[in-house]
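Undergrad: Structure incoming, see below.
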Amino acid sequence: MISPKERLLWYEEELNLLYSYPIDELVSVIQDVGFSCDYCGRCCTSVFNGHVFLLDDEVSSARALCADAVIPAPGFEFCDREGTFYVSGYALRTDAAGNCIFLSDNRCSVYGKRFSICRIYPYMLHREPEEDGTFTFRQISGLNLHGSYNHEISEEQARKSAEDTVAYEEAFLHHMISFCSSIIALFSVENRRHVQRSYDMRYRDFMSGKPVVVRVFYHDEFVPVTVTRKDYAGILPPSH
Ligand code: SF4
């Protein structure tokens, strides 16, 4: 697992790359691919997309729609020697089958109020490492696995989607940079550090059903939340 400092450098580098990414290229990709949603509903399931990460301002909106809508994002990033996990934010809860709690009959029940990542989907700008150590940016999620293609998309519409995508990715990277900087500061002030052995042992406890404490980064604070594996029933693989 990479350290908070290494993560910070990774996200800072990615933000700089995002700033230099030619938006016209994304506009072209969006027009060339011509994606159209065919309402299969797959993108709103954990099987297809893991989890839906929320930016801080969206957490309160999600809770206003459903008090129990969010959980600490899965894939807790760090763990201290006492076995407390640290995670960068909240994600939408799913049902036991892995469907977003707002998915109903393959439709988003909160469509007009859906979250920024849902709005830009399937567009994205994430760099993906190649085997030779270089990287390329990925612009479309789940290409050829959902939706239909080769539809006409106007230049204006494609540019709006591209700008929204860049804005989301920028906000996400700022959030992650803030998380990494804050955890470096917190660990220094509280004389803590990430301990991989504690992480592994505590994660085994968590996977066996025991409650664990996760400090969730939210509005520049680390909020302690107790969770069990049941909270992640539709996201984590079933227990045997
Ligand atoms: S909020 Fe709506 S669009 Fe977003 S993942 Fe849930 S069901 Fe899908």
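Undergrad: Which whole-Hz couplings ³J(HN,Hα) result when phi for each residue of the range 95-100 is put into the Karplus expression 6.51 cos²θ - 1.76 cosθ + 1.60, θ = phi - 60°, listed in order with x for Gly and Pro?
TA: Karplus-based 3J(HN,Hα) across the range 95-100 equals 7, 5, 8, x, 7, 3 Hz.
Undergrad: Pull up the cross-link candidates among the aspartates and glutamates for LYS210, meaning alpha carbon to alpha carbon under 18 Å and not fewer than 8 places away within one chain.
TA: ASP80, GLU82, ASP200, ASP231
Undergrad: Here's another thing I want to ask about it. Any idea what % of Cα-Cα pairs in the chain are farther than 27 Å?
TA: Working: 11659 of 28680 pairs.
Tail of the P(r) past 27 Å holds 41 percent of the pairs.
Undergrad: While we're looking at this one, here's another question. In the chain, which whole DSSP H runs stretch at least 18 Å along their own axis (Cα) and average 0.5 or higher on the Kyte-Doolittle scale?
TA: Working: long enough: 4-20 (24 Å, -0.75); 155-189 (50 Å, 0.17).
Result, helices passing both filters: zero.
Undergrad: Would you work out if the range 1-143 is rounded, prolate or oblate? Take a ≥ b ≥ c from the square roots of the eigenvalues of the alpha-carbon gyration tensor; rounded if a/c is under 1.5, else prolate when a/b is larger than b/c, oblate otherwise. Don't skip to the answer; put the middle values down first.
TA: On the way: a/c = 1.91, a/b = 1.05, b/c = 1.81.
Oblate, since a/c reaches 1.5 and b/c is not below a/b.
Undergrad: Please list, ordered by chain and number, the residues whose modelled amide H lies under 5 Å from the amide H of CYS40; skip anything fewer than 5 residues away on the same chain.
TA: GLY147
Undergrad: Same structure again: Hand me the chymotrypsin sites (Phe, Trp or Tyr not before Pro) from the range 87-154 located in a DSSP loop with no more than 14 other Cβ atoms within 10 Å, in residue order please. Walk me through the numbers before you get to the answer.
TA: Details: sites: TYR90, PHE102, TYR111, PHE115, TYR123, PHE135, PHE137, TYR149; in loops: PHE102, PHE115, TYR149.
Filter output for the range 87-154: TYR149.
Undergrad: Please rank LEU125, LEU8, fewest neighbouring Cβ atoms within 10 Å first, as an exposure proxy.
TA: On the way: LEU125 24, LEU8 19.
So the residues, fewest neighbours to most, are LEU8, LEU125.
Undergrad: To make sure I understand the rule: partners must be aspartates and glutamates, Cα under 17 Å from the Cα of LYS160, and not fewer than 8 residues away in the same chain. Which ones qualify?
TA: Once the sequence-local aspartates and glutamates are set aside, what remains near LYS160 is ASP24, GLU25, ASP32, GLU152, GLU169, GLU170.
Undergrad: Can you give the FRET efficiency for ARG119 and ARG197, using 1/(1 + (r/R0)^6), R0 = 45 Å, r = Cβ-Cβ distance, to the nearest 0.05? Walk me through the intermediate numbers first.
TA: Working: r = 41 Å, r/R0 = 0.91.
According to the calculation, E is roughly 0.65.
Undergrad: Also: Amide H neighbours of PHE137 under 5 Å, counting only residues 5+ apart in sequence or on other chains, H built in-plane at 1.01 Å?
TA: Here the answer is GLU128, since their amide H atoms fall under 5 Å of that of PHE137.
Undergrad: Then there is this: Would you mind calculating the relative contact order of the chain from Cα pairs under 8 angstrom and at least 6 residues apart, reporting the percent as a whole number?
TA: Working: 356 pairs, mean separation 73.9, N = 240.
Computed over the chain, the figure is 31 percent.
Undergrad: Roughly how many Å is it from the Cα centre of the range 164-203 to that of the range 1-65, as a whole number?
TA: 17 Å
Undergrad: What are the residues whose amide H is under 5 Å from the amide H of GLY98, where those residues sit 5 or more places off or on another chain and H is modelled from the backbone?
TA: When sequence neighbours closer than 5 places are left aside, the close amide H contacts are GLY234.
Undergrad: Here is a follow-up. In terms of Cα to Cα distance under 17 Å, which aspartates and glutamates are near enough to LYS113, apart from those fewer than 8 places away along the same chain?
TA: The reachable aspartates and glutamates, counting only those whose Cα sits under 17 Å from LYS113, are ASP56, ASP57, GLU58, ASP68, ASP164.
Taken together, the values in this text are just the output of simple stated rules run on the coordinates, not laboratory data. Computed from a predicted structure; not experimentally measured. Heads up, the Cβs are rebuilt from the backbone with ideal geometry, glycines too, and the neighbour counts pull from every protein chain shown.
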